[in-house]
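A short write-up of the structure that comes next.
Read the figures in this text as sums done on the coordinates, not as results from a lab. Because the structure is predicted, anything quoted here is derived from the model rather than measured. Neighbour counts run over all protein chains shown; Cβ positions are idealised from the backbone, glycine included.
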Amino acid sequence: MNKTGYQTLKIVDSHTGGEPTRVVVEGCPDLGKGDLAARRDVMRNEHDWVRTSVLLEPRGFEAMVGAVLVEPHAEDCVAGVIFFNNAGYLNMCIHGTIGLAKTLKHLGVIESGSHRIDTVVGVVTIHLNEDGSVSVDNVPSYLMQENVEIEVPVYGTVTGDIAWGGNWFFLIDGQGPEVKYENIDQLTDFTLRVGETLALQGITGENGMEIDHVEVFGPPVNDEADSRNFVMCPGGEYDRSPCGTGTSAKLATLYGKGKLKEGETWRQASVLNTVFTGKVKATGEGNAVIPTVTGRAWINGECTVILDPEDPFAHGIFN
Ligand code: PYC
C-alpha cells in the first residue's frame with residue numbers, strides 16, 4: 001500500500017517476436033524462500049490476484065504472458081522468475097525469458113554477456129548477444145513418444161509426437177488446417193479439439209503431466225525459415241512468437257528422430273513469420289538435449305499498476 005492508500009505494482013512490458021511479456025518487477029508480496037516451484041505454489045494459492053490484475057482485462061488481454069521477478073533460489077543466478085498466463089501458471093516460457101533478459105538490461109540489473117536465471121523447471125542461461133538478440137540455453141528437452149494416433153472429433157485421425165521442451169507439447173506435422181495467419185480461427189478450433197482429445201484419452205507427458213501445448217507445423221513462406229508453426233497455449237490463445245519451449249520440443253524431436261545433429265541450425269517461424277533459431281547439444285542422457293533458442297524482444301512499456309480498493313475490476317474481469 002502506498003501513501004495514497006492504493007496498492008501498486010510496477011511492470012515492464014516487452015514483446016518477443018510479437019508475443020507480449022509483462023514482468024512484475026515490484027510490489028508482489030513475499031513468496032517465501034523455497035525453490036521456484038514452491039514459490040509458484042505460494043503465489044497460486046495466496047496471491048493469484050497479482051496474476052489476474054496484470055493479465056486479465058481491463059489492464060491486460062487474453063494473449064498476454066506474465067512473469068514475476070523474484071530472488072533466485074539456485075546458486076549463481078542473477079534472478080528468479082515465475083511465468084503465468086490468462087489461465088494459470090506456465091512451467092516455462094522462452095519468449096518470456098527473452099523478454100525478461102531485455103527487461104533486466106533495461107532496469108540496469110545486467111549488461112551484455114551470459115547470466116543464469118532460476119525458473120520453476122530448473123536453471124536456464126541467457127546470453128545477451130552483441131547484435132541485440134538473446135539466446136536461451138533451455139532445460140534438458142526430449143522426445144518422449146512418436147507417432148501417437150488420436151481420433152479428433154470433426155478432423156478424424158491425427159498423428160503427433162509428444163515432447164518436453166520446458167512444457168509438454170503434442171507436435172503435429174502437415175495435418176489440420178494450413179498454417180497461415182488467415183486460418184487462425186480454424187487452427188484454434190483444430191488445436192483446442194486436439195488438446196481436449198488428449199485430455200479425454202488420458203494421454204499425458206511424463207508423470208501424468210498435462211500436455212498443455214499443441215503445435216502444428218507447415219512449410220515456411222520464404223527461405224528465412226525451415227518451418228512455420230501455430231502453437232496453442234493453455235488458456236485458448238495462440239502464441240504470436242514461434243514459442244521457445246515449442247521450438248525446444250521441435251529441436252528435441254528432430255534430434256530424437258535423427259533429423260537434426262548437434263550444432264546444426266533450425267529456423268522456426270511463427271504464424272506471424274517472426275523467427276527463432278535453435279541448436280541442440282546432447283546431454284549424454286538418453287535422447288535429451290539442451291536446446292539453445294535465439295530471438296529478439298523489444299521493451300514497449302513501463303508503468304505503475306494502481307489497485308484501487310473501490311474498483312470492482314481492480315483484480316481483473318472474471319467470467
Ligand atoms: O515461448 O516458451 C514460450 C511460450 C510458452 C507459452 C507462450 N510462449
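Just wondering, is there one or more residues in segment 160-176 that are within 14 Å of the ligand (Cβ to nearest atom), in contact with a His (Cβ under 6 Å, 6 or more places away or on another chain) and closer than 23 Å to residue 75 by Cβ?
Taking every residue of segment 160-176 in turn, none turns out to be within 14 Å of the ligand (Cβ to nearest atom), in contact with a His (Cβ under 6 Å, 6 or more places away or on another chain) and closer than 23 Å to residue 75 by Cβ.
Which residues, counting only those in segment 73-100, are more than 13 Å from the ligand (Cβ to nearest atom) and crowded, with 19+ Cβ neighbours inside 10 Å?
77, 79, 80, 82
Just a yes or no: is a residue in segment 127-139 of a type in the set (A, V, I, L, M), away from the ligand (no atom under 13 Å from the Cβ) and out of contact with any helix residue (DSSP H, G or I) (no Cβ under 8 Å at 6 or more places or on another chain)?
Taking segment 127-139 and keeping what is of a type in the set (A, V, I, L, M), we get 128, 134, 136, 139.
Within this subset, residues satisfying the condition of being away from the ligand (no atom under 13 Å from the Cβ) are 128.
When the remaining residues are screened for being out of contact with any helix residue (DSSP H, G or I) (no Cβ under 8 Å at 6 or more places or on another chain), the result is none.
No, every residue in segment 127-139 fails to be of a type in the set (A, V, I, L, M), away from the ligand (no atom under 13 Å from the Cβ) and out of contact with any helix residue (DSSP H, G or I) (no Cβ under 8 Å at 6 or more places or on another chain).
Within the set of pairs 6+ apart or on separate chains, which have a first residue in segment 241-257 that is within 19 Å of residue 134 (Cβ to Cβ) and in contact (Cβ under 8 Å) with a residue 24 or more places away in the chain, a second that is aliphatic (A, V, I, L, M) and in a helix (DSSP H, G or I), and C-beta atoms under 6 Å apart?
Hits for this filter: 244/94; 245/94.
Which numbered condition trips up residue 67, out of (1) farther than 16 Å from residue 167 by Cβ; (2) of a type in the set (Gly, Ala, Ser); (3) surrounded by 22 or more Cβ atoms within 10 Å (Cβ to Cβ)?
Among (1) farther than 16 Å from residue 167 by Cβ; (2) of a type in the set (Gly, Ala, Ser); (3) surrounded by 22 or more Cβ atoms within 10 Å (Cβ to Cβ), residue 67 violates only (1).
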